[in-house]
1. Please work out how much length the chain gains when fully extended from Q43 to A82, using 0.36 nm per residue of separation minus the C-alpha to C-alpha distance, in nm with one decimal.
2. Count the net charge of all other residues whose Cβ sits under 15 Å from the Cβ of I127, scoring Lys and Arg as +1 and Asp and Glu as -1.
3. Return the distance in nm (one decimal) between the two label points of a simple spin-label model at Q72 and E99, each offset 7 Å from Cα along Cα→Cβ.
4. Given R₀ = 30 Å, FRET efficiency for R123-K92 by Cβ-Cβ distance, to 0.05?
5. Would segment 34-141 count as rounded, prolate or oblate if I go by the C-alpha gyration tensor, calling it rounded below 1.5 in a/c and otherwise prolate when a/b exceeds b/c, oblate otherwise?
6. For an R0 of 25 angstrom, estimate the FRET efficiency from the Cβ-Cβ distance between E109 and R133 and round to the nearest 0.05.
Amino acid sequence: MKISLFSGLASISLLLGACSAGGEEKDSAAKETTVTIDPAAAQTGPLAEMQGRWASDEDPNRTLEIEGSNFQESYTGDPQYAVPIVFVDSCKTKIPDFEGKAFILYGKEKQACYLLYSVSEERLSYIDGTRGRTSRFTRKE
């Protein structure tokens with residue numbers, strides 16, 4: 001059974017940048033898309049598995065907390081940003097898809113698309129689509 005991101009009560013207005021190809025001019029105005037997040041989205045699928053607190057394997061001062069559809073990154077305990085996490089079908093088309101393996105952190109100053117590499121009870125890893133860098137985390141108690 002596929003749960004739709006469009007079937008919830010809470011909605012978030014999101015900005016999606018226009019894509020440009022070859023010699024086309026870049027559209028300076030962003031295309032606005034409203035995405036409604038299902039309140040139960042964090043109870044099944046990849047987002048459900050990502051719920052909790054995580055510490056970076058590369059830098060223990062970097063932590064993540066994912067609660068519901070909120071993604072918060074902190075460094076040495078100081079919050080760096082807290083933004084909605086939205087799963088999409090792919091980093092190319094960015095169509096909201098609750099069961100997708102790619103996600104976007106909306107509202108983050110430098111918007112990137114991430115590919116969920118793996119998530120388990122103990123480990124989380126994802127790839128930054130712009131830099132190709134893998135971030136690895138271990139679940140905190």
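What follows draws every value from the coordinates through simple rules; no lab data is involved. Just so you know, these numbers come straight off a predicted model, no measurement behind them. Note: ideal-geometry Cβ built from the backbone for every residue, glycine included; neighbour counts use all protein chains shown.
1. 12.1 nm
2. Value of the local net charge: +3.
3. Each label point is offset 7 Å from its Cα along the Cβ direction, giving 3.2 nm.
4. Given R0 = 30 Å and the Cβ-Cβ separation, E is 0.65.
5. Rounded is the answer for segment 34-141, as its axis ratio a/c remains below 1.5.
6. Once the sixth-power term is evaluated, E becomes 0.90.
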